[in-house]
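The values are calculated or read from the model by the stated rules, or taken from the named source; none is laboratory data. This structure is a prediction, so every number in the text was calculated from the model and none was measured. Every residue, glycine as well, gets a Cβ built from its backbone with ideal geometry; the counts of neighbours run over all protein chains shown. Note: accessible area is taken over every heavy atom of the protein model, side chains too, but ligands, DNA and RNA are not part of it. Shrake-Rupley method; radii C 1.70, N 1.55, O 1.52, S 1.80 Å.
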Amino acid sequence: MEPVVAAAPGTVLRARADLVDAAAGGDLHAFEQLVASGSNPMYRLARAILGNDADARDAVQEAYLSAWRELPRLRDHQRFDAWLRRIVVNECRADLRNRRRLREISLDVREIDRSGSATEPRDRVGESDLLSRAFDRLEGGKRAILVLHYLEHESVASIAAAMQIAPGTVKWRLSQARAALARALTAEGARR
Amino acid sequence: MKQQIPMRLTDDMLERMLADRAGAEAPSDLVAGIVDRASATTQRSESWLGALEHIRPRGGRFALAAALLALALVAAAIAMVGSDRTPDLSVAPSLTAPSQIAPVPSGTSAVRTSSPRIDASLSPDRSAPAAAPTAISADCATTPPVGDPRLTTIDLPAKAYARMAFADCSVWILNNQNGMGIHRVDVASNKVEDTILEGPIDTPVLDLGSDGDGLWAVVWTDPGQLQRIDPTSGDVTKSIPIPRAELGGAWFIDGYAWIGPIRGRFPGTTAVVDLGTGQIAATLPVVPRWMWRNAGSIWAVALTDPDDPTPNLVRIDPITFGVTIVPWSRNDIESPTMTDDRRLFVVEPGQILHVSADQNAVVDRIPLGAPDAHALLATTGSDVWAVPIETTPVTNGFGNRSREVVQINPAAGSIVQRVAISEVGVMDLRYAYGSLWILAPDKDYGRTFGTHLLRVELPAQT
């Protein structure tokens with residue numbers, strides 16, 4: 001068998017590893033290609049957690065910028081995608097924490113402005129919207145683990161890496177998050 | 001009175017809701033926005049102290065500090081007793097003048113603006129041209145071992161681990177990190193004999209292949225380029241522009257470059273570029289993940305349907321470029337390799353599958369031990385060899401370790417021989433010149449300290 005025609009197993013994947021290496025060395029072209037090939041799934045992940053375009057866009061932008069800054073210090077370039085996913089999840093959680101603080105402020109404003117115009121007609125809320133609203137009641141960690149499992153279909157090991165928790169606690173956290181969502185769903189249903 | 005609507009939370013409902021929330025695609029200007037901001041952002045430099053930041057507090061840093069102290073004591077003890085073992089950090093052989101192989105200082109700038117582009121660094125008038133490769137007999141003959149395979153460990157310059165290609169009776173190793181060059185390992189001497197490309201470069205070489213006589217580099221310029229490199233002089237003898245969007249995985253087979261799209265998915269096609277004329281000879285409606293030549297055909301594991309994310313087995317007529325799809329639809333496979341009698345072997349998590357390429361039927365399953373273990377495969381034409389890879393948790397993620405190379409009897413589907421190795425982070429396994437070649441960076445928590453090329457010379461009868 002001629003060596004020149006031997007299969008190059010995993011070439012596409014390894015080319016990506018090369019790009020990570022090059023980007024870690026300051027190569028902006030390589031980084032651009034990494035962003036171009038990976039921003040869609042990261043955006044979907046952020047949007048599922050945060051629920052709107054603007055916040056998802058900000059979270060993904062900040063995550064990639066953090067990745068660019070810290071890339072020279074990434075110790076295992078083959079773990080770039082998992083590392084980036086973790087940064088995106090962390091950005092989303094930070095955004096939700098900030099949002100909670102902002103909400104406290106805006107609630108104060110609403111107490112003054114009692115026009116009621118902010119309230120949506122609940123009759124129009126469909127089943128998916130209802131579940132989405134219930135999902136919005138969850139804190140960032142619970143949202144993230146549900147998204148990683150039910151949307152991304154990540155393995156326990158991947159979820160553990162993204163959430164920075166031990167693999168053994170992933171299933172427990174997942175069941176906790178789901179139970180919390182079920183409770184939130186009941187509460188939302190009661191509000192209808 | 002409000003009516004409470006009972007809703008039972010199901011997986012299906014949850015998945016649908018999350019898919020709705022996730023939306024379809026990112027905004028079209030997201031990439032440009034990120035890159036613009038990155039261009040104005042300085043990267044942090046790597047440092048040992050910085051590495052400590054990645055270690056979780058409460059014990060992790062203390063443990064690392066203790067380990068470093070212990071390491072220092074061991075090193076001091078070795079030095080005192082006069083050991084002549086070369087530390088991994090200084091494995092780089094003296095290829096050229098030290099000033100030319102010194103790595104680029106890290107963290108000095110976000111973008112290396114003063115570095116020459118790859119075209120310049122490959123030009124024949126570089127200041128210290130590498131010596132021409134030593135002449136080797138045409139058949140690259142080395143004396144094969146008798147009985148057991150012969151294992152040789154070849155030290156490579158640190159961080160050289162990107163890609164292997166085979167031409168001119170040499171193994172060529174692409175060292176993409178800091179543009180350290182393409183190193184030539186002489187199959188007769190088992191040493192790095194010269195380097196034909198020296199950095200630093202600011203344009204990465206994405207891939208390296210061979211057409212039998214010359215080397216081909218896939219270069220991420222704009223537009224991208226396929227560059228043919230004369231292995232004896234290191235000169236670029238031909239350059240073929242390729243639109244960046246079409247510059248994905250590349251395979252050099254039968255005088256053509258088979259180039260998949262940049263994202264490795266639809267929308268995209270495979271451009272078949274005639275390496276002689278530089279013209280596109282065909283455009284195939286498939287998105288390949290792997291390609292290889294076997295028994296008169298070109299084969300690929302490729303996406304064939306824009307609406308189906310699972311790849312199929314594809315057979316391509318090398319004359320007419322006609323495509324025949326063998327329905328396959330296995331998503332989580334790696335490292336397909338095919339014997340001369342068309343037995344296809346692929347790796348799935350935890351097992352190697354033997355598949356009849358003509359009938360698309362799984363013939364055998366060879367367990368790899370752990371359910372999440374994987375492997376790299378290569379074939380000599382008649383036999384299949386595998387490097388099983390175990391995934392083990394480390395402080396900041398997961399690491400890979402390989403302990404052996406195993407020979408698989410394709411017909412029986414059983415392991416018939418084991419050759420012990422001990423390597424971390426095996427990157428590639430190839431067969432050429434009667435030997436298995438294993439590219440294995442020494443990694444510790446992801447930092448590459450050195451790279452080995454393992455050569456397993458197989459007895460003549462195999």
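Things worth noting here:
- Any hit, the range B:304-311, residues being more than 30 Å from B:GLN359 (Cβ to Cβ), part of a loop (DSSP other than H, G, I, E, B) and open to solvent by 60 Å² or more (accessible area, probe 1.4 Å): no
- Annotation for the range B:287-297: at least one member residue is buried (at least 22 other Cβ atoms within 10 Å of the Cβ), within 27 Å of B:GLY381 (Cβ to Cβ) and over 19 Å from the mean Cα position of the chain (by Cα).
- Scanning the range B:319-338 turns up no residue that is open to solvent by less than 70 Å² (accessible area, probe 1.4 Å), basic (Lys, Arg) and modelled with pLDDT of 80 or more.
- Some residue of the range B:186-198 being at pLDDT below 80 and within 11 Å of another protein chain (Cβ to nearest Cβ): no
- Within the range B:347-384, tally of residues that are away from chain A (no Cβ under 14 Å), open to solvent by 30 Å² or more (accessible area, probe 1.4 Å) and of a type in the set (Gly, Ala, Ser): 2
- Among the conditions (1) modelled with pLDDT under 90; (2) within 12 Å of another protein chain (Cβ to nearest Cβ); (3) touching a helix residue (DSSP H, G or I) at 6+ places or on another chain (Cβ under 7 Å), B:ALA432 misses just one, which is (1).
- Residue that is farthest from B:GLY147 (Cα to Cα), among those in the range B:403-429 that are assigned to a loop (DSSP other than H, G, I, E, B) and small (Gly, Ala, Ser): B:GLY425
- The set of residues in the range B:413-426 that are open to solvent by 20 Å² or more (accessible area, probe 1.4 Å) and under 15 Å from the mean Cα position of the chain (by Cα) contains only B:VAL424.
- Counted residues, the range B:1-25 - those being within 33 Å of the chain's Cα centre (by Cα), facing chain A (nearest Cβ under 7 Å) and either open to solvent by 100 Å² or more (accessible area, probe 1.4 Å) or modelled with pLDDT under 85 (or both): 1
- The set of residues from the range B:240-254 being under 21 Å from B:PRO318 (Cβ atoms) and more than 10 Å from every other protein chain (Cβ to nearest Cβ) comprises B:ILE240, B:ILE242, B:GLU246.
- Scan of the range B:236-249 for residues that are part of a loop (DSSP other than H, G, I, E, B) and open to solvent by less than 40 Å² (accessible area, probe 1.4 Å), ordered by number: B:LEU247, B:GLY248, B:GLY249
- A:ASP18 meets the conditions (1) within 7 Å of chain B (Cβ to nearest Cβ); (2) in a helix (DSSP H, G or I); (3) open to solvent by 10 Å² or more (accessible area, probe 1.4 Å); (4) closer than 18 Å to B:GLY425 by Cα in every case but one. The failed one is (3).
- Counting only residues that are in contact with a Gly (Cβ under 8 Å, 6 or more places away or on another chain) and more than 7 Å from chain B (Cβ to nearest Cβ), the range A:33-52 holds 1 of them.
- Members of the range B:335-370 that are touching an Asp or Glu at 6+ places or on another chain (Cβ under 9 Å) and assigned to a loop (DSSP other than H, G, I, E, B): B:THR339, B:ARG342, B:PRO349, B:GLY350, B:LEU368, B:GLY369, B:ALA370
- Flag for B:ASP235 being under 25 Å from B:ASP168 (Cβ atoms) and either within 10 Å of chain A (Cβ to nearest Cβ) or in contact (Cβ under 8 Å) with a residue 24 or more places away in the chain (or both): yes
- Residues located in the range A:22-32, provided they are part of a helix (DSSP H, G or I), crowded, with 23+ Cβ neighbours inside 10 Å and within 7 Å of another protein chain (Cβ to nearest Cβ): A:ALA22, A:ALA30, A:PHE31
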